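One structure is given below, encoded as structure tokens.
Here, each number is a calculation from the coordinates, and none is a lab measurement. Since the structure is predicted, the reported quantities are computational estimates derived from the model, not experimental observations. Backbone-built Cβ (ideal geometry, glycine too); neighbour counts: all protein chains shown.
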Amino acid sequence: MSLEAGARKLRYSFFDSVCDENTRIAAAHTLSDSAETVIFNLCRGTGLKGLCGIPPVRDKIIRPLIYCKREEILSFLSEKEQDFVTDSSNLSDDYSRNKIRHNVIPVLEELNSGFFESIKRLTESLSEDERFLSETAEEFSDADLRSTSAPIRRRVIKSKLRGAGIEPSGEKILAAEKCILKGNGKTNLSGEVYAVSKNGRIKIEHIPKNRTVFPETAVKTGENPFLCDKTVIISLNNAENNTGKAFVNNLLTKNVIDCDKIQGELYLRNRRDGDSYVRSGRDFTSSLKKLMNESIPLGERDFIPIIADEKGIVWAERFGIADRVKPDTDTKRYMIIEVKEK
């Protein structure tokens, strides 16, 4: 971070360390400082909050001089013959804020002699709007945000980010919003921290990069133990007594496989990078990762059982069988797959 930002962080960290619940720190920010902040934020590209200037009260910090111009304070000190110290860094245009103070604001005052009074009205008015929108957003904190207005949705996202100790940025907010509008999905925010959307609701989750791996295990008739107290139950059946449409209608489900269409041995496992297959009734290949992103919470994805043969996936819990192994009127032997949880 910049020298200014680092020094500010150290100052407020110290103030916080010496405050108890009844203590307030009176900072000497002025209306001039607030105007500089508004212009600085405007130049960077900001939302409504950035145009509200420096607030009179924030947590334990109060600013009793925030509606006084710097010149008014200097005049008062002069009348009282009160000495004061000038920070030498304030004299250099090496800092953006000083460039605004020395070069931009004088021009704005030439254009409008009541510039500071205008800034005061602006920040007061926008602060009221921001307060109303933020309070309204709190009511939607755990709601499906797909149908809410963008200003409310983005404030909920900001609140979630700050609650997780992440400084909101336009990039992070828009990435999280994209997940929300999709309904389900995730986006990386930092390291192992993700914004996770499920049915339009947003959460910030810590997701370890190490995944749980269930090794390939030969499938047997009967019970096949899996992860997370799940058991995959396999039963084999003879279809010789079933004919025509009745057979197809009864067995064409997402958990029934034509045994004679299996390639080689069957084995049970969980997800692997690059998994994909053509699901029953489809004519295109689906990425298992994409399917899970759309409907399975992150913490559950390693615990979805998958049955595969030499050609790949033949069945995945919640997503069904591969089109290549679906039963038809010529099916002689079929396998029924069930999942039992304790």
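Data table
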item: Charge dipole (the chain, unit charges on Cβ, about Cα centre) - positive-most of N188, L42, T221; result: T221
item: Rounded if a/c under 1.5, otherwise prolate or oblate - segment 1-137, Cα gyration tensor axes; result: rounded
item: Phi to ³J(HN,Hα) by Karplus 6.51 cos²θ - 1.76 cosθ + 1.60 over segment 214-220, Hz, x for Gly, Pro; result: 9, x, 4, 10, 4, 7, 10
item: Listed peptides 23-30, 64-71 by packing density, highest first (mean Cβ within 10 Å); result: 64-71, 23-30
item: Of K203/K230; K99/K172; K209/K290, those spanning more than 22 Å from alpha-carbon to alpha-carbon; result: K203/K230; K99/K172
item: For the chain: rounded, prolate or oblate by the Cα gyration tensor [a/c cutoff 1.5]; result: prolate
item: Reachable aspartates and glutamates, given that their alpha-carbon falls under 17 Å from the alpha-carbon of K340 and they are not under 8 places away in the same chain; result: E223, D229, E300, D302, E317
item: Dipole axis of the chain (+1 Lys, Arg; -1 Asp, Glu on Cβ), positive-most option in V107, A164, I337; result: I337
item: Relative contact order, percent, the chain [alpha-carbon distance under 8 Å, six or more residues apart]; result: 13
item: Segment 217-341: Rg to Rh, with Rh as the Kirkwood radius over Cα pairs; result: 0.96
item: Partner lysines for K80 [C-alpha distance under 21 Å; skip if fewer than 8 residues away on the same chain]; result: K69
